[in-house]
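Asks: My structure is below; once you've seen it, I'll send some questions.
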Ligand code: LMR
């Protein structure tokens, strides 16, 4: 039976890391997967995380199962990060949160819940979107439609196309929105545009599903939640899948959360009972460590402060790399205007490089970027930028 199973294609992002590991060239650079590197090219454990782990190691008394929804205190701190201190949604108990394995696990739980318990079977995603989105949602049984988002000629947002496309969505359709630091373009809606999208969702009875994986990597923790909070204030129902892979550097702990907001506490509680049923059928209950780290840090003033300053440092270093990248391309003799890269947010830059150029970067120069032309700026350092820019100058 298994001999009939065909080979699956390599994953567009993680498959690149596999190829990178096998590459024996010494000057190789991996700007594929979104992983933050410091100036030394390392992805160290944050100091605040190490301290929280020391506290947990000392205090841990059992490896007993968590409840299906995970660490209780974690779910409370997640809601405060999402909706803000004193939020009406929290006070009115319209939101319920379950700890889940990373952003991907959270999105998948949300999708499974929707497919099994609602009439919402169509999900609109931006074109382009994260390379794993369609895979997650189609595997769960949702059908996908795309809305315009990006204008290649100007390297800018195509907000008109977004709105025009979403006008044809039907009541009950799901709209996937990137909370901040849009992956892969790095181009986000401004507050006025979020207002328009939120109103459109409310008027047409569309259900927003937020993928919120980069809080703190755009402008700041509160600033980056602006879009989510604007939309959440306008619609009765939404879902959020958030991740702490990037902003706590907890990549391999697989720590995220799925949050459902309903019109009132009763509807939210009933929907959450179905989310718990989905989780029980999928992985039973989440692993504890990541949730305990995040809740320990966010519940302690001094650890929280330390984490915030580490997050600021990461954000500022990426912004610095954006500027240096644009300047170095110029000094390598690239005439093409790449200044748009300095205006993009978060870990990624949508470079506009085409498939041939991307392949040449890999094959001739051992510089790995995603096939769509997405570059992880978070993987750049002062040391590798000259290598990267020289290679780009050769392929364009
Ligand atoms: C990325 O987009 O590179 C990250 O979100 C990591 C992943 O799982 O793809």
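Asks: Which residues, taken from the range 12-51, are more than 15 Å from the ligand (Cβ to nearest atom), in a loop (DSSP other than H, G, I, E, B) and buried (at least 19 other Cβ atoms within 10 Å of the Cβ)?
Replies: Once the filter is applied, which keeps residues that are more than 15 Å from the ligand (Cβ to nearest atom), in a loop (DSSP other than H, G, I, E, B) and buried (at least 19 other Cβ atoms within 10 Å of the Cβ), the range 12-51 yields only 46.
Asks: Taking the residues in the range 221-235 that are touching a helix residue (DSSP H, G or I) at 6+ places or on another chain (Cβ under 8 Å) and part of a loop (DSSP other than H, G, I, E, B) as candidates, determine which candidate is surrounded by the fewest Cβ atoms within 10 Å (Cβ to Cβ).
Replies: Initially, the range 221-235 is screened for residues touching a helix residue (DSSP H, G or I) at 6+ places or on another chain (Cβ under 8 Å), giving 221, 225-235.
Okay, now just the ones that are also part of a loop (DSSP other than H, G, I, E, B), so 221, 233-235.
Numbers: 221: 18, 233: 14, 234: 17, 235: 20.
The extreme case among them is 233.
Asks: Now, a different point. Exactly one condition in (1) in contact with a strand residue (DSSP E or B) (Cβ under 7 Å, 6 or more places away or on another chain); (2) without any contact (Cβ under 8 Å) to a residue 60 or more places away in the chain; (3) buried (at least 18 other Cβ atoms within 10 Å of the Cβ) is false for residue 89; which is it?
Replies: Just one mismatch for residue 89, condition (2).
Asks: Can I ask one more? Which residues, taken from the range 10-38, are in contact with a helix residue (DSSP H, G or I) (Cβ under 8 Å, 6 or more places away or on another chain) and free of Cβ contacts under 8 Å to residues at least 24 places away in the same chain?
Replies: Listed by number, the list holds a single entry, 10.
Asks: Can you name every residue in the range 365-387 that is part of a loop (DSSP other than H, G, I, E, B) and within 16 Å of the ligand (Cβ to nearest atom)?
Replies: 369, 370, 371, 372, 373, 380
Here is a yes/no grid of residues against (1) closer than 13 Å to residue 292 by Cα; (2) free of Cβ contacts under 8 Å to residues at least 40 places away in the same chain; (3) within 24 Å of the chain's Cα centre (by Cα):
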residue	(1), (2), (3)
40	no, no, no
66	yes, no, no
71	yes, no, yes
74	yes, no, yes
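Asks: Select, from 200, 166, 209, 239, the only residue that is away from the ligand (no atom under 16 Å from the Cβ), within 13 Å of the chain's Cα centre (by Cα) and modelled with pLDDT of 95 or more.
Replies: Just one listed residue meets the conditions, 209.
Asks: Moving on to the next point. Give the residues of the range 133-159 that are on the phi < 0 side of the Ramachandran plot, out of contact with any strand residue (DSSP E or B) (no Cβ under 8 Å at 6 or more places or on another chain) and surrounded by fewer than 13 Cβ atoms within 10 Å (Cβ to Cβ), sorted by residue number. Break it down stepwise before answering.
Replies: So in the range 133-159, the residues on the phi < 0 side of the Ramachandran plot come out as 133-140, 142-154, 156-159.
Still in the running and out of contact with any strand residue (DSSP E or B) (no Cβ under 8 Å at 6 or more places or on another chain): 135-136, 139-140, 152-154, 159.
Once the filter is applied, which keeps residues that are on the phi < 0 side of the Ramachandran plot, out of contact with any strand residue (DSSP E or B) (no Cβ under 8 Å at 6 or more places or on another chain) and surrounded by fewer than 13 Cβ atoms within 10 Å (Cβ to Cβ), the range 133-159 yields 139, 152, 153, 154.
Asks: Against the condition more than 16 Å from the ligand (Cβ to nearest atom) and under 16 Å from residue 103 (Cβ atoms), how does residue 231 come out, does it pass?
Replies: The answer is no for residue 231.
Asks: Still on this structure: How many residues are farther than 29 Å from residue 22 by Cα and either crowded, with 16+ Cβ neighbours inside 10 Å or within 16 Å of the ligand (Cβ to nearest atom) (or both) when one looks only at the range 335-364?
Replies: First pass over the range 335-364, keeping only residues farther than 29 Å from residue 22 by Cα: 335-345.
Those still in the list that are either crowded, with 16+ Cβ neighbours inside 10 Å or within 16 Å of the ligand (Cβ to nearest atom) (or both) too: 338, 340-341, 344-345.
The number of residues fulfilling the criteria is 5.
Asks: Quick one: which of 362, 330, 390 is assigned to a helix (DSSP H, G or I) and without any contact (Cβ under 8 Å) to a residue 12 or more places away in the chain?
Replies: Unique residue meeting the criteria: 330.
The values are calculated or read from the model by the stated rules, or taken from the named source; none is laboratory data. Note that this is a predicted model, so its numbers are computed, not measured. Every residue, glycine among them, receives a Cβ derived from its backbone with ideal geometry; neighbour counts consider all protein chains shown.
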